[in-house]
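Asker: Sharing a structure here in structure tokens format.
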Amino acid sequence: MIVGVLTETFPGERRVATIPATVPALTKAGLEVLIEPGAGVSAGFLDAAYTDKGARVAGDRAQVFADADVILQVRTLGANLVAGRSDLNLFKSGQTVIGFSEPLGEPQAARDLAAQGVRAFSMELIPRITRAQSMDALSSMATIAGYKAVLLAAETLPRMFPMLMTAAGTITPARVFVVGAGVAGLQAIASARRLGAKVEAYDVRPAVKEQVESLGATFVDLALDTDESEDKAGYAKAQDEAFYARQREMMTRVVAASDVVITTALIPGRPAPVLVTDEMVAGMTPGAVVVDLAAERGGNVEPSKPDETIVVHGVTVLGPTNLPATVPFHASQMYAKNISTLLLHLVDDGAIQIDLDDEITQGTLVSQDGNVVHTRVRELLV
Ligand code: NAD
């Protein structure tokens, strides 16, 4: 079975789906790895590094599509709507593709791939179970986004993060407030703490209080009723507008006292809740920085705009949507581990075997034999 690795075509995307170091694990399982020329260059991996590890470099992109049985990508059609479309007729019926595909946000793209006869697996749909932890690309990428959000904030803030006592006087530490302490939020907390900031955090799931505190941050108690805020999968449940209104009211004081606010609050399959209003931003000190990691999903911060840096009321508001692509070396390393672990999970005897009784296979398989087969994606298409 030939595993093809493509150069990513989404604007600004610098990651690659497989790095040289993961090639041996694939070849050991009897798979051949075929790389599009230059696929890893923007992440720091030259073609020669892949061939050294046993991969072959194809003549061009079309050859990868022509020869591969399985295509590995960071962004397949649903997550690369414009440029990804030009690949659509290069896919062969019966070919398998694995990658991020926004299946719940762009179900039509899943239908288009299905119509082409492509069997597609979505990396967003990896179940959050212990057995699948090493395939969990959302967590890997959230880790990188949380780290990079802090660096962006530190770079933009006209103050330093650490407390310093110098001959020229005392520098007070920056105050950082992290809203949403999931994977990205916890990494943001840890990164801001390492830079010496005084960090506070809030999450609707009370279970994270201990994790926040173990990273040296203070959990802000907003006195909201959050007993029923977590679903069985460990994600936050959506709350009603009255809850969010109260949350905004309770957070206003903390936001106003912060030099940096980093928001990461998401509800799976829904737009992100608005937690920081324009008025709350206006209450911050001039020069303060807000980084809205939820900007791509509608935003936690009212004035934020996806991929724009705007200044409102003297406060800089950033809405980066693809921070993992700005750390392409390690983002690709982690993603390559995640995607190759999923692929090897699906492979038996040198070929993909579909076992629909397996929670991971069933959970991630979006299309097969010309049909969209994933229940939630199908429901969105009717
Ligand atoms: P996510 O990206 O969906 O959301 C980010 C955070 O925002 C979550 O912690 C959520 O509770 C929080 N949030 C939602 N609404 C909020 C609000 N109104 N105010 C404040 N915060 C709000 O979540 P995630 O980071 O991907 O992961 C969430 C959970 O899943 C965590 O408990 C994590 O440990 C768990 N997880 C488990 C596994 C596994 O078992 N394999 C893997 C990854 C994550």
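The values are calculated or read from the model by the stated rules, or taken from the named source; none is laboratory data. None of the values given here were measured: they were computed from a predicted structure. Note that each Cβ is placed from the backbone with ideal geometry, even for glycine, and that neighbours are counted across all protein chains shown. Ligands, DNA and RNA are excluded from the accessible area calculation, which covers all protein heavy atoms including side chains. Shrake-Rupley method; radii C 1.70, N 1.55, O 1.52, S 1.80 Å.
Asker: Under a cut-off of 13 Å between alpha-carbon atoms, report the aspartates and glutamates in cross-link reach of LYS53, not counting same-chain residues fewer than 8 places apart.
Answerer: Counting by Cα, and skipping residues close in sequence, LYS53 has these aspartates and glutamates nearby: GLU32.
Asker: Among LEU343, ALA242, PHE329, which residue has its Cα furthest toward the positive end of the charge dipole of the chain, with +1 on Lys/Arg Cβ and -1 on Asp/Glu Cβ?
Answerer: Toward the positive end, the furthest listed residue is PHE329.
Asker: Calculate the dipole size of the chain relative to its Cα centre from +1 charges on Lys and Arg beta carbons and -1 charges on Asp and Glu beta carbons; express the result in debye to the nearest 20.
Answerer: Numbers: 32 positive and 45 negative charges, 160 e Å.
In total the dipole reaches around 760 debye.
Asker: Spelling out what I want: for every residue of the range 30-39, take phi, set θ = phi - 60°, compute 6.51 cos²θ - 1.76 cosθ + 1.60 (Karplus), and round to whole Hz; glycine and proline get x.
Answerer: Residue by residue, the range 30-39 yields x, 9, 9, 10, 10, 10, 5, x, x, 4 Hz.
Asker: Follow-up. Can you sort MET163, MET251 by solvent-accessible area, 1.4 Å probe, largest first?
Answerer: Final ranking, largest accessible area leading: MET163, MET251.
Asker: Could you give each residue of the range 115-121 its phi-based ³J(HN,Hα) in whole Hz, using Karplus coefficients 6.51, -1.76, 1.60 with θ = phi - 60°, and x for Gly or Pro?
Answerer: So the Karplus estimates, Gly and Pro as x, are 4, 7, x, 8, 8, 10, 10 Hz.
Asker: Now for a different question. Within 11 Å, Cβ to Cβ, of PRO103, how many net charges do the neighbouring residues add up to if Lys/Arg are +1 and Asp/Glu are -1?
Answerer: On the way: positive: ARG111, ARG376, ARG378; negative: GLU102, GLU106, GLU124.
My count for the surroundings of PRO103 gives 0.
Asker: Given the options LEU275, ASN300, THR285, identify the residue whose Cα lies farthest towards the positive end of the charge dipole of the range 190-323 (+1 on Cβ of Lys, Arg; -1 on Cβ of Asp, Glu).
Answerer: After comparing all options, I get THR285.
Asker: Would you mind counting up the charge near GLY84? Only other residues with Cβ under 13 Å from its Cβ, with Lys and Arg at +1 and Asp and Glu at -1.
Answerer: Net of charged neighbours comes to -3.
Asker: For the range 282-363, what is the convex hull volume of its Cα atoms per residue in Å³?
Answerer: In the range 282-363, the Cα hull volume divided by residue count equals 126 Å³.
Asker: What is the distance, in nm, between label points placed 7 Å from the Cα along the Cα-to-Cβ direction at GLU155 and at LEU344?
Answerer: Taking the simple label geometry, GLU155 and LEU344 are separated by 3.4 nm.
Asker: Give LYS92/LYS305; LYS148/LYS198; LYS232/LYS305; LYS209/LYS232; LYS198/LYS305 a once-over and call out the pairs whose C-alpha atoms are over 29 Å from each other. All intermediate terms of the calculation are to be shown ahead of the outcome.
Answerer: Numbers: LYS92/LYS305 38 Å; LYS148/LYS198 18 Å; LYS232/LYS305 32 Å; LYS209/LYS232 18 Å; LYS198/LYS305 27 Å.
Result: LYS92/LYS305; LYS232/LYS305 exceed 29 Å.
Asker: Sticking with this one: Measure nothing fancy, just the Cα-based angle from helix 137-156's long axis to the longest principal axis of the chain, in degrees from 0 to 90, nearest 10.
Answerer: Once rounded, the angle reads 40 degrees.
Asker: Still on this structure, please answer the following. On the protein heavy atoms, probe 1.4 angstrom, tell me the percent of accessible surface of the chain carried by carbon and sulfur.
Answerer: 52
Asker: Whole Å is fine, so just give me how far the alpha carbon centre of the range 262-299 lies from that of the range 154-204.
Answerer: Using only Cα atoms to place each centre, the spacing works out to 17 Å.
Asker: What is the angle, in °, between the Cα long axis of helix 183-194 and the longest principal axis of the Cα atoms in the chain? Nearest 10 is fine, range 0 to 90.
Answerer: 50
Asker: Report the accessible area of LYS92, computed with a 1.4 Å probe over the heavy atoms of all protein chains in place, in Å² rounded to the nearest 10.
Answerer: Result for LYS92: roughly 80 Å² accessible.
Asker: Would you grab the residues whose amide H sits under 5 Å from the one on VAL57? Only those 5+ places off in sequence or on another chain, please, with H modelled 1.01 Å from N.
Answerer: Amide H neighbours of VAL57: ILE35.
Asker: Among DSSP bridges having both ends in the chain, what percentage is antiparallel? Round to the nearest 5.
Answerer: Approximately 30 percent, going by the DSSP bridge assignments.
Asker: Taking only the alpha-carbon atoms of the range 94-135, what semi-axes of the equivalent ellipsoid follow from 5 times the gyration tensor eigenvalues under a square root, in whole Å, largest first?
Answerer: Rounded to whole Å, the semi-axes are 22, 12, 6.
Asker: Round to the nearest 10 and report in Å² the accessible area of LEU224, as given by a 1.4 Å probe over the protein chains' heavy atoms.
Answerer: Surface open to solvent at LEU224 totals about 30 Å².
Asker: Run through all the Cα pairs of the range 46-169 and give the fraction in each 5 Å bin from 0, expressed as whole percent.
Answerer: 2, 9, 14, 15, 13, 14, 11, 7, 4, 4, 3, 2, 1, 1, 0
Asker: Above 16 angstrom, tally the Cα pairs of the range 182-279 and express them as a % of all pairs, no decimals.
Answerer: In whole percent, the long-distance tail amounts to 57.
Asker: Continuing with this model, one more query. Please work out the ratio of the alpha-carbon Rg of the chain to 2.2 N^0.38 Å and round it to two decimals.
Answerer: Scaled against compact globular proteins, the figure is 1.05.
Asker: Across bins of 5 angstrom width beginning at 0, how are the C-alpha pair distances of the range 8-72 distributed, in whole percent?
Answerer: 4, 19, 30, 28, 16, 4, 1
Asker: Separate question: Can you show me the helix-derived [θ] at 222 nm for the chain, built from DSSP H runs with n ≥ 4 at -39,500 (n - 2.57) apiece and divided by the number of residues, rounded to the nearest 500.
Answerer: Rounded to the nearest 500, the figure is -9000 deg cm²/dmol.
Asker: With Kirkwood's inverse mean 1/r over C-alpha pairs for Rh, give me the Rg to Rh ratio of the range 225-298, two decimals please.
Answerer: Numbers: Rg = 13.1 Å, Rh = 13.4 Å.
Dividing the radius of gyration by the Kirkwood radius yields 0.98.
Asker: What net charge is computed for the residues neighbouring GLN239, neighbours being all others with C-beta under 15 Å from the C-beta of GLN239, Lys and Arg scored +1, Asp and Glu -1?
Answerer: -4
Asker: Okay, next question. With a Förster radius of 22 Å, plug the Cβ-Cβ distance of PHE243 and GLU210 into 1/(1 + (r/R0)^6) and report the FRET value to the nearest 0.05.
Answerer: My answer for the efficiency is 0.45.
Asker: In addition: If I fit a long axis through the Cα atoms of helix 328-346 and take the longest principal axis of the Cα atoms of the chain, what angle between them do I get, 0 to 90°, rounded to 10?
Answerer: 50
Asker: Can you find, among THR7, VAL41, GLN108, the residue sitting farthest towards the positive end of the charge dipole of the chain, where Lys and Arg contribute +1 and Asp and Glu -1 at Cβ?
Answerer: Positive-end residue among those listed: VAL41.
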